[in-house]
Amino acid sequence: MKDPIRNYKKVLAGRNRDSDSDESQPLLSSSCSSSSSSNFGAIFNPSKISTESDEDVSCSPVLKVPIAADEVASAPSSRRKFECKLAFGSNFGSTVLDLYNAKKLVFEEECYPEFTGFSKHDPMSIQSNPNNILESPVSSGNGSYSGYMDYKEPEKHTHSSLVTIFAIWNTTMGSSLLAMSWGIQMAGLFPGIAVNILVAALCLYTCHLLLTVNEKHGMPGLDIEVSHLCQDLLGQWAAVLAKIFSVIVLLGADIVYMILMSNFLYNFVYFIYGFFTLPIDPLSLNVTVLCPTEARMNSTVRLEVISETTKMGHESMIERVWDLYSTVPIILSVIMFCVLNFKSPTFFTKFNSLGTISVLYLLIFVAVKAFGWGVNMTDWLGEWRFKSSFTALSGMLSLSYFIHNIIIAIMRNNQRQEHNRRDLTIAFGLITFTYLFIGIVFYISFPLAKSCIEDNILNNFSKNDILTIIARVLLLFQLFTVFPLISFMLRKDILGNINQIFKNYRFGDFTYGRVMVLNGCLLFICVLFACFLPKIGTLIRYTGALSGLVYIFMLPNLLKLASLRKEKELTTMKALWHLFIIVAGALNLLSQFFIDD
């Protein structure tokens, strides 16, 4: 039988001759492979390397071992020893042993006659990873080998379908909930429902495309992401594009969250101030509805009126030091700066359940308000007409349903992989129902002119409204825990991309100096938007349309086209369909510049 370790030696020798970089990660496949599998480095097939003619060639176990070139070339004298020390790992880009068809790894007796020869001080030794290896001396059938090691799959934390569904639902729900009624107002009631369902179906379809491409061209056991698939099937430019727009989405989320936190903190402090200095019965103001967009009163609905002439002495001081568009974002950024400099965001992950609580409370909040208002629609026929600004909703929904950059990672942990498509479809159904419930119910029942609906529906209520105060406090605390997590992911992406740009230079490694500079720049950008462009509807629709063009409309369809072409299944109709989706995404982005909100 052909010796797999001898093939491995020949591949290493061939790689050292051909490689001129220390970044590539070759994957070794056996001579049994009938076709080359997709990977993220050069593919080496031992069957293509010249072997001794007198050896009997047969199928050996499939070995795929990414090895950094500098680890081999740095110590030529110890190559033989290195070849026999195969490290086990879980992360892509590190030294990983991936066995596809076999669970046994056979070692040559001449390399190590016994397993006890491995040094416990060697970081690549077997003893440094005892959980993945079971030592069991055995004699092979032909007597060629003195022993073997069973490869034990690392324990993988998987989740049931129910947990996976709610993970997608909770991850996708965000600030768009507060702006959904505004989006329906921009499109019209029935066109808004149609656009919502259409965009949801399109986002679900492109998520399915990513999962399908990953099943065919991804590597089992490795942490493959969309950027890796782009690198393999489309080229370096697509991988760079995926990474850039993943950062843009995170940055856009941080900006919107800073605006919302400033708003919630501003109103909460005003409520506390008024409670102690200007005693008012809050329950008497629960029916109050505001129209800040047009800055006018509606005679049929009681509005909150603050007489600045009689209360100037009380409010002049707090207004000077507590302004929504200047001092509040700055004070909040100082607080957040101290929080963002933690090396690990583990503490904030403990509050993830607040996302579900906040969403459930918003559903109850809207239901209670709508029940009190009743139905307030005067022109049902006019609600069937598409408004020229309907693409503001489609742009916003592109971010509302955006989960494409992490969908592969989420579904990888699903316990029943065969149910991935079903679970994803159910999750998107729940997301669509949640968006439509809040958007439609609030829109139909809103008692003032529909143009008064704000892109943050909480702005349509008095500062002293009890239910609104509870909503603001819940959302403030939730965003206060989510903002550091988003910033941590953003920081990790930026530093990781810097390290890839400077291949042999550890510029992107964690140091408190670099992290503080990065966090300072991030907060400076967020404060600028909170002070000069505090419109979350505008920010969401532009960010959604731009990032959606890349991650929802373009990359999944290009990956699918590349996959079909690689399998020789690409037809003209399939190509036209996927190109049509890309063009629709481009038009969605272009239309955002012609909307006045």
Discussion item. Just to be sure I understand the filter: pairs with C-beta atoms under 8 Å, separated by 6 or more residues or on different chains, first member in the stretch 429-442 and modelled with pLDDT of 95 or more, second member of a type in the set (D, E, K, R). Which pairs pass?
Written reply: Phe442/Lys369
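Of the residues that sit in the stretch 453-464 and are outside any helix (DSSP H, G or I) and either polar (S, T, N, Q) or touching a Pro at 6+ places or on another chain (Cβ under 7 Å) (or both), which one is farthest from Lys535 (Cα to Cα)? Give the steps one after another, and end with the answer.
Residues of the stretch 453-464 outside any helix (DSSP H, G or I): 453-456, 461-464.
Next cut, either polar (S, T, N, Q) or touching a Pro at 6+ places or on another chain (Cβ under 7 Å) (or both) only: 454, 456, 462, 464.
Details: Glu454: 10, Asn456: 9, Ser462: 19, Asn464: 23 Å.
Checked the stretch 453-464; the qualifying residue farthest from Lys535 (Cα to Cα) is Asn464.
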Worksheet item: Counting only residues that are open to solvent by 80 Å² or more (accessible area, probe 1.4 Å) and either in a loop (DSSP other than H, G, I, E, B) or in contact (Cβ under 8 Å) with a residue 60 or more places away in the chain (or both), how many does the stretch 336-348 have?
Response: 2
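Could we say that Phe276 is surrounded by fewer than 22 Cβ atoms within 10 Å (Cβ to Cβ) and in contact with an Asp or Glu (Cβ under 6 Å, 6 or more places away or on another chain) here? Don't jump to the end; show me each part of the working.
On the way: surrounded by fewer than 22 Cβ atoms within 10 Å (Cβ to Cβ): yes; in contact with an Asp or Glu (Cβ under 6 Å, 6 or more places away or on another chain): no.
Criteria not met by Phe276.
Here's the yes/no breakdown for (1) buried (at least 21 other Cβ atoms within 10 Å of the Cβ); (2) among the charged types (D, E, K, R):
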residue	(1), (2)
Gln417	no, no
Leu424	yes, no
Tyr435	yes, no
Ile438	yes, no
Ile444	no, no
Asn460	yes, no
Thr468	yes, no
Arg472	yes, yes
Thr481	no, no
Discussion item. Of everything in the stretch 543-582, what is open to solvent by 80 Å² or more (accessible area, probe 1.4 Å), at negative phi and without any contact (Cβ under 8 Å) to a residue 12 or more places away in the chain? Give them in sequence order.
Written reply: Arg565, Glu569, Thr572, Met573, Leu576, Trp577, Phe580
Worksheet, complete the sentence: Of (1) open to solvent by 30 Å² or more (accessible area, probe 1.4 Å); (2) touching a residue at least 60 places away in the same chain (Cβ under 8 Å), Thr378 fails just (2)
Worksheet item: Residues of the stretch 349-381 being in a loop (DSSP other than H, G, I, E, B) and of a type in the set (Gly, Ala, Ser), which ones?
Response: Gly374
Worksheet, complete the sentence: By residue number, the members of the stretch 387-410 that are of a type in the set (Phe, Trp, Tyr) and surrounded by fewer than 23 Cβ atoms within 10 Å (Cβ to Cβ) are Phe390
Discussion item. Among (1) in contact (Cβ under 8 Å) with a residue 40 or more places away in the chain; (2) out of contact with any strand residue (DSSP E or B) (no Cβ under 7 Å at 6 or more places or on another chain); (3) surrounded by fewer than 22 Cβ atoms within 10 Å (Cβ to Cβ), there is one condition Asn413 misses while meeting the rest; what is its number?
Written reply: (2)
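Conditions (1) within 30 Å of Met336 (Cβ to Cβ); (2) within 20 Å of the chain's Cα centre (by Cα), marked per residue:
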{"site": "Ala201", "(1), (2)": "no, yes"}
{"site": "Leu204", "(1), (2)": "no, yes"}
{"site": "Val213", "(1), (2)": "no, yes"}
{"site": "Cys230", "(1), (2)": "no, yes"}
{"site": "Ala239", "(1), (2)": "no, yes"}
{"site": "Ile244", "(1), (2)": "yes, yes"}
{"site": "Ile248", "(1), (2)": "yes, yes"}
{"site": "Tyr257", "(1), (2)": "yes, yes"}
{"site": "Phe268", "(1), (2)": "yes, no"}
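Conditions tested, residue by residue: (1) more than 18 Å from Val256 (Cβ to Cβ); (2) at pLDDT 95 or above; (3) in contact with a Pro (Cβ under 9 Å, 6 or more places away or on another chain).
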site: Ile444; (1), (2), (3): yes, yes, no
site: Thr468; (1), (2), (3): yes, no, no
site: Phe480; (1), (2), (3): no, no, no
site: Leu485; (1), (2), (3): no, no, yes
site: Leu490; (1), (2), (3): no, no, no
site: Ile498; (1), (2), (3): yes, no, no
site: Gly508; (1), (2), (3): yes, no, no
Worksheet entry | helices (runs of 4 or more DSSP H) lying entirely in the stretch 158-237 (those with 3 or more residues that are open to solvent by 10 Å² or more (accessible area, probe 1.4 Å) and over 20 Å from Val256 (Cβ atoms)) | 161-172, 189-217, 226-233
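Kindly check whether there is at least one residue in the stretch 448-455 that is buried (at least 22 other Cβ atoms within 10 Å of the Cβ) and either closer than 23 Å to Leu324 by Cβ or free of Cβ contacts under 8 Å to residues at least 40 places away in the same chain (or both).
Start the filter on the stretch 448-455 by keeping residues that are buried (at least 22 other Cβ atoms within 10 Å of the Cβ), which leaves 453, 455.
This time we only want the ones that are either closer than 23 Å to Leu324 by Cβ or free of Cβ contacts under 8 Å to residues at least 40 places away in the same chain (or both), so: 453, 455.
Scanning the stretch 448-455, I find at least one residue that is buried (at least 22 other Cβ atoms within 10 Å of the Cβ) and either closer than 23 Å to Leu324 by Cβ or free of Cβ contacts under 8 Å to residues at least 40 places away in the same chain (or both), so the answer is yes.
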Worksheet item: Within the stretch 349-362, restricting attention to residues that are surrounded by 15 or more Cβ atoms within 10 Å (Cβ to Cβ) and under 14 Å from Leu177 (Cα atoms), which residue is modelled with the lowest pLDDT?
Response: Gly355
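The values are calculated or read from the model by the stated rules, or taken from the named source; none is laboratory data. All values reported here derive from a predicted model rather than from experimental measurement. Heads up, the Cβs are rebuilt from the backbone with ideal geometry, glycines too, and the neighbour counts pull from every protein chain shown. These area figures cover heavy atoms from the full protein model, side chains too; ligands, DNA and RNA do not enter into them. Shrake-Rupley method; radii C 1.70, N 1.55, O 1.52, S 1.80 Å.
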